[in-house]
Amino acid sequence: MSASVDTGDDYTVYQTSTMAALLTGLYDGDVTVQQLLTHGDFGVGTFNHLDGEMIVLEGVCYHLRNDGSVRIASGTDKTPFAAVTHFRSARGFDITEPVTLAQLTKQIDDVTGGDNLPVAVRIDGTFSGLKTRTVGEQQKPYPPLTDASAHETINTLETTQGTVAGFRTPQFEAAISVAGYHLHYVDDARAHGGHVLDLTVAAGRVSIAPITQLRLVLPDTPEYRKADIDLADLAQQEQRAEGTTS
């Protein structure tokens, strides 16, 4: 894999592996953080062995651990599933009174004209009642994602300032990406964060970037090549594993 900087369309998402593979329990990847960051400065994902959550902001990759800590990821860390883009906001709106996650996603859908096109979403502001989860590192033989996420660490932050980042992906991409809204959070102090389960935005700014292309890179590993990837009940598996909002 080339380590040169991606010079393609600003609105291209570069993604490693698929959601279907992750649901199956394929938690070993062959893409490093250093390679990933040549293709985008904004995104979300996870780390090898499902060791916590990933959020990329301004070209910095943060590792959100299930013990509640946050650190800057090493360039040699690997990911089994991640999506990044060069974030260039094309539209947005201010939040001046509290909105729930359901209200927020509806506003984004309305602003973008529906949910059949993918977009990258960034929310900077003050949040209240923000609930996150972080899955801990798994050991081989890896369990399916629905089993691994059943033992996730859930944290609630009463009032916090920071950034929510992620993507809205159409339902028809469910086997490839996380259908619906896939959002991660890190606070301004870079001390707390995780996969967003629920939130209320007290005040802030929503920035939205269109996605026009998907560049999908599949793992070049023996485990992936011989895996039996089950697509049955995919939507239900994904909802249980990710806690996403459609």
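The values are calculated or read from the model by the stated rules, or taken from the named source; none is laboratory data. The structure displayed is predicted, hence computed values, not measured ones. Don't worry about glycine lacking a Cβ; one is built from the backbone with ideal geometry, like all the others, and counts go over all protein chains shown.
Each row is one residue, and each column tells you yes or no for (1) touching a residue at least 60 places away in the same chain (Cβ under 8 Å); (2) buried (at least 18 other Cβ atoms within 10 Å of the Cβ).
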position: Gly68; (1), (2): yes, no
position: Gly75; (1), (2): no, no
position: Thr79; (1), (2): yes, yes
position: Gly92; (1), (2): yes, no
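Restricting the search to the stretch 165-177, which residues are under 16 Å from Asp109 (Cβ atoms) and either under 11 Å from the mean Cα position of the chain (by Cα) or at pLDDT 95 or above (or both)?
Matches in the stretch 165-177: Gly166, Phe167, Arg168, Thr169, Pro170.
Restricting to the stretch 66-97, name every residue that is more than 20 Å from Ala179 (Cβ to Cβ), at pLDDT 95 or above, under 16 Å from the mean Cα position of the chain (by Cα) and not in a strand (DSSP E or B).
Passing the criteria: Ala73, His86, Phe87.
Which of the residues spanning the stretch 98-133 are assigned to a strand (DSSP E or B), among the polar types (S, T, N, Q) and modelled with pLDDT under 95?
Across the stretch 98-133, the qualifying residue is only Ser128.
Is it the case that Arg88 is within 20 Å of Val186 (Cβ to Cβ) and either of a type outside the set (Val, Ile, Thr) or out of contact with any strand residue (DSSP E or B) (no Cβ under 8 Å at 6 or more places or on another chain) (or both)?
Judged against the criteria, Arg88 is not a match.
Search the stretch 216-232 for residues being in contact with a Ser or Thr (Cβ under 6 Å, 6 or more places away or on another chain) and either crowded, with 16+ Cβ neighbours inside 10 Å or acidic (Asp, Glu) (or both), and hand back the single one that is farthest from Ile108 (Cα to Cα).
Pro219
Being among the charged types (D, E, K, R) and surrounded by fewer than 16 Cβ atoms within 10 Å (Cβ to Cβ) is the filter here; which residues of the stretch 174-189 pass it?
Asp188
Among the residues of the stretch 137-149, is there at least one that is assigned to a loop (DSSP other than H, G, I, E, B), more than 25 Å from Asp41 (Cβ to Cβ), of a type outside the set (Asp, Glu) and touching a helix residue (DSSP H, G or I) at 6+ places or on another chain (Cβ under 7 Å)?
Yes: the stretch 137-149 contains one or more residues that are assigned to a loop (DSSP other than H, G, I, E, B), more than 25 Å from Asp41 (Cβ to Cβ), of a type outside the set (Asp, Glu) and touching a helix residue (DSSP H, G or I) at 6+ places or on another chain (Cβ under 7 Å).
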